[in-house]
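The values are calculated or read from the model by the stated rules, or taken from the named source; none is laboratory data. All figures in this text were calculated on a predicted structure; none of them were measured in a lab. Glycine gets a Cβ as well: all are built from the backbone with ideal geometry, and neighbour counts include every protein chain shown.
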Protein chains: 2
Amino acid sequence: MASVALLLGASLPAQAQFAKPEDSIRYRQSALFVMGQHFQRVGAMVNGRIPFDAKAAAENAEVVAAMAKLPWAGFGPGTDKGAPTKAKAEIWTEQAKFREAGEKAMAETAKLAAAAKTGNLDAIKAAFGATAGSCKACHDAYRAQ
Amino acid sequence: MASVALLLGASLPAQAQFAKPEDSIRYRQSALFVMGQHFQRVGAMVNGRIPFDAKAAAENAEVVAAMAKLPWAGFGPGTDKGAPTKAKAEIWTEQAKFREAGEKAMAETAKLAAAAKTGNLDAIKAAFGATAGSCKACHDAYRAQ
C-alpha cells in the first residue's frame with residue numbers, strides 16, 4: 001500500500017528516528033495528545049458546547065489531520081516498554097492490523113479537514129463522527145484502559 | 001502585528017481552548033517535544049551524524065515549522081502552574097517579549113522548511129543554525145534549567 005510510507009513519518013527507518021524507547025513513547029503520546037486537544041475543539045462545536053466558528057473548525061481540523069500522520073513512527077520495535085505506556089502488546093503482534101488502524105485514522109482525519117474547509121457544519125458532524133469512530137476502534141483494540 | 005493571530009493557534013480565546021491548566025502545560029510540552037524530535041533529525045544531517053537525505057530533511061523541517069505554530073497557545077494566563085513545568089514567571093510578566101520569541105521561532109522554522117525544500121544542504125545548515133539560535137535564546141530567557 002502506498003500509504004504505508006506515510007506511517008513512517010519520514011524516510012528514515014523507524015529505529016533510527018529516536019534515541020531511545022522512552023523518546024518514542026513520549027513522542028507518540030505527545031502527538032496523540034496534541035491531536036486530541038484540537039479534535040476536542042472541533043467536537044465542542046459539533047456537539048454545540050461552543051458556538052460554531054467555521055474558521056476555527058477548519059484550523060483545528062487541519063492540525064488534527066497533520067498530527068494524525070505522526071504518532072505511528074513512535075510505535076517501532078522495542079518500544080512496548082521504557083516509559084509508562086498504555087500501548088497493548090497486540091500493536092507489535094498484529095502489526096498489519098495496527099497499521100491499518102493508523103491508515104484509517106489518517107484517512108478519516110483528512111476527510112474531516114476537507115469537510116471543515118467547506119464550512120458546512122453537517123458535513124463536519126458526519127466526518128467528526130467517522131473520525132471519532134476510528135479513534136475509538138483503535139483505542140479499544142490497542143490501548144489499555 | 002499580523003502574526004500575533006498565529007500565536008493563538010486558532011480563533012478561540014486562549015483560555016477557552018483548554019479544560020484546565022494541566023492540559024495547557026501538557027499541550028505545550030507535547031508540541032515542543034514533537035518539534036524537538038523532528039528538529040534533531042534535521043540536525044543529525046546538518047552535523048553529519050547521519051547521511052543527508054533531502055527528502056527526509058524536507059519532511060522533518062516541514063513538521064518542525066507546523067509544530068512551531070502550536071505551543072504558544074498553551075502559555076495562557078494561569079498556566080504557570082498546575083503540572084510540573086520549567087516555564088519561568090517571566091513568560092507572563094514579559095508577555096510582549098515572549099510573544100516576540102514565539103514569532104521568531106515561527107519565522108525561523110518557516111525559513112528552515114523553505115531551505116529544506118530546496119534540497120541545498122548549505123542553505124539548510126544556515127537556516128538550522130538560525131533556528132537553533134532562536135530555540136536557545138527563548139530557552140535561556142524563559143525556561144528554567
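Of B:A87, B:A116, which residue is within 12 Å of chain A (Cβ to nearest Cβ) and surrounded by 19 or more Cβ atoms within 10 Å (Cβ to Cβ)? Break it down stepwise before answering.
Numbers: B:A87 fails: within 12 Å of chain A (Cβ to nearest Cβ).
Answer to the check: B:A116.
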Query raised in the report: Residues in the stretch B:119-133 that are crowded, with 16+ Cβ neighbours inside 10 Å and not in a helix (DSSP H, G or I): how many?
Result: 0
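A quick yes/no check of all residues on (1) at pLDDT 95 or above; (2) buried (at least 24 other Cβ atoms within 10 Å of the Cβ); (3) within 10 Å of chain B (Cβ to nearest Cβ):
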{"residue": "A:A19", "(1), (2), (3)": "no, no, yes"}
{"residue": "A:R28", "(1), (2), (3)": "yes, no, yes"}
{"residue": "A:A31", "(1), (2), (3)": "yes, yes, yes"}
{"residue": "A:Q37", "(1), (2), (3)": "yes, yes, yes"}
{"residue": "A:K55", "(1), (2), (3)": "yes, no, yes"}
{"residue": "A:V64", "(1), (2), (3)": "yes, yes, no"}
{"residue": "A:A68", "(1), (2), (3)": "yes, yes, no"}
Query raised in the report: With A:R49, A:R99 as the choices, which residue is surrounded by 15 or more Cβ atoms within 10 Å (Cβ to Cβ) and of a type in the set (D, E, K, R)?
Result: A:R99
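What residue, of B:W72, B:W92, is closer than 22 Å to A:F33 by Cα and among the aromatic types (F, W, Y)? Spell out how you get there, then give the answer.
On the way: B:W92 fails: closer than 22 Å to A:F33 by Cα.
That would be B:W72, the only listed residue that is closer than 22 Å to A:F33 by Cα and among the aromatic types (F, W, Y).
From the list A:A44, A:A19, A:A65, A:A31, which residue is farther than 30 Å from B:I50 by Cβ and of a type in the set (A, V, I, L, M, F, W, C)? Write out each step before concluding.
Numbers: A:A19 fails: farther than 30 Å from B:I50 by Cβ; A:A65 fails: farther than 30 Å from B:I50 by Cβ; A:A31 fails: farther than 30 Å from B:I50 by Cβ.
Within the list A:A44, A:A19, A:A65, A:A31, the selection yields A:A44.
Among the residues of the stretch A:70-84, write down those that are touching a Pro at 6+ places or on another chain (Cβ under 9 Å) and surrounded by fewer than 23 Cβ atoms within 10 Å (Cβ to Cβ). Give the steps one after another, and end with the answer.
Of all residues in the stretch A:70-84, those touching a Pro at 6+ places or on another chain (Cβ under 9 Å) come to A:76, A:78-83.
Once the filter is applied, which keeps residues that are touching a Pro at 6+ places or on another chain (Cβ under 9 Å) and surrounded by fewer than 23 Cβ atoms within 10 Å (Cβ to Cβ), the stretch A:70-84 yields A:G76, A:G78, A:D80, A:K81, A:G82, A:A83.
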